[in-house]
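In what follows, a structure is listed as C-alpha cells, so that the remarks can point back to it.
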Amino acid sequence: MTQVWITVAGLIATTAAIKASGPLALGGRRLGPRPLAAIALFAPTLLAALVVTETLGNGSELVIDERALGIGSAAVALWRGASVLPAVALAAVITALARAVV
Amino acid sequence: MPFAIAAGLVGISFGVLAEPVMGAVATLVMSAFVFAGAAQFGALAVLADGGSATAAIAAAVLLNARFITMGLALAPSLRGGALRRAAYGQAMIDAAWALANRGGGRFDPDFMVGATLPHYPVWIAGTALGVLLGEGIAMPETLGLDALFPAFFLALLWEELRTPSGRLAAALAAALALTLLPFAPAGVPVIAASAIALIALLRPPDATLHPDLPVFGHVHAAEEERPADEGQEAVP
C-alpha cells in the first residue's frame with residue numbers, strides 16, 4: 001500500500017509541475033512557424049502511438065486479440081461519421097462479445 | 001459535450017480497474033488531484049504488473065510529457081503573472097486543449113477552461129461509480145472495459161487526421177511505437193514515437209496546419225474556415 005500512496009503523491013506533484021512548465025517557460029513570446037508545426041504534430045503522434053500500443057500491446061508482446069476487433073469496429077464507426085460516445089461504447093461491446101464467443 | 005460523457009465512461013473503467021490494485025481511497029484521491037487519464041492508466045498498469053512506485057511515476061511522467069509541448073503552444077495566448085499562467089496550465093486536458101485551438105498557434109484560454117470544467121466532476125463521479133462497480137465485477141475484461149481506453153484515444157486521434165501532415169505523422173508514430181514495443185520499457189515507445197513530430201522542424205510549415213501564417217506571402221483558401229479573430233497582428 002505504501003507504493004500505492006507514493007505513486008499517488010508522485011503523480012500529483014509531477015502532473016502539476018508538467019502542466020505549469022509550458023505556460024511559464026516562454027512568457028509572452030511567440031514561437032516561429034516550424035516549432036508551432038512540430039507542436040501541432042505532437043497530438044497525432046502521441047495519440048496514434050497510444051492507440052496501437054493499447055490495442056496490440058500485452059506487456060512487451062504484440063498480440064492481435066479481441067481488443068483489436070473492438071477498436072477496429074470503433075474505427076469503422078468513426079469513419080462512417082459516428083460521434084465519440086457510440087464509437088467508444090461499440091469498442092467495449094464488440095470486445096466483450098468476441099470474448100464471450102471465443 | 002460528448003467528450004465529457006466519454007470521460008465519465010473512461011473514469012468508470014479507471015475505477016473498476018484501479019480498485020483491486022490500489023484500494024478505493026487511493027483511487028479516488030488520484031482521480032481528484034491528478035486528473036490526467038492517460039497518466040493514471042499508465043501508472044496503474046505498472047502497479048498492476050507488480051512494478052515499483054518509481055516505475056509507475058516514470059510511466060506517468062512520460063505519458064504526461066505531451067502537456068509540456070501543449071503548454072508551450074498555449075503560452076503565447078496567456079496573459080498575466082506566473083501564478084495565473086500556471087493556473088491556466090492546470091486546466092489543460094487533451095480534448096479541451098484541442099477545442100480551444102484557434103489555428104496559427106493561437107488558443108482561447110478561457111474557452112479551454114470552460115471546456116475542461118465539466119470533465120472534472122464527471123471524472124471523479126465516474127471513478128467513484130467504477131470503484132463501487134469494481135467491487136462487484138470480478139473480471140472487467142469480460143465487459144470489454146479495457147477497450148474503452150484505446151477507443152477513446154482513437155476518437156481523439158480522428159480529429160487530428162484531417163491534415164496530410166497529421167496523417168503522415170500518425171502513421172509513422174504508430175509504426176515506430178509498434179517496432180519499439182518488444183524492446184523498450186513500458187511507456188518509452190509512446191514518448192519516442194512522439195518525437196516524429198519533430199520532422200516538422202525540417203520542412204516548411206504545412207499551409208493546412210497554419211492557414212493564417214504568411215507562408216509564401218499570400219492568403220490561403222482555408223482562411224474562411226476559421227472564426228473571425230480580432231487580435232491578428234499586422235505584418236510590418
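Extension gain B:R162-B:R79, at 0.36 nm per residue separation less the Cα-Cα distance, in nm?
26.8 nm
Rounded to the nearest 0.05, what FRET efficiency is calculated for B:R203 and A:D65 with R0 set to 30 Å and r the Cβ-Cβ distance?
Using R0 = 30 Å, I get an efficiency of 0.20.
Looking only at the stretch B:22-46, which residues have a backbone nitrogen under 14 Å from a spot 7 Å from the Cα of B:Q90 in the C-beta direction?
The answer is B:32-36.
Taking the Cβ of each residue in B:I68, B:I196 as the centre, tally the other Cβ atoms inside 10 Å and list the residues starting with the fewest.
B:I68, B:I196
Hey, what number do you get for chain A at 222 nm if only DSSP H runs of n ≥ 4 count, each worth -39500 (n - 2.57), divided across all residues, to the nearest 500?
Helix-only estimate at 222 nm: -27000 deg cm²/dmol.
Averaged over peptide B:28-34, how many Cβ atoms belonging to another chain are found within 10 Å of each residue's Cβ?
5
Quick note: the coordinates plus some simple rules give every number you see, no bench work behind them. Keep in mind that this is a model prediction, so the values were computed, not measured. A quick note on method: Cβ atoms are made from the backbone with ideal geometry, for glycine too, and the neighbour counts reach across all protein chains shown.
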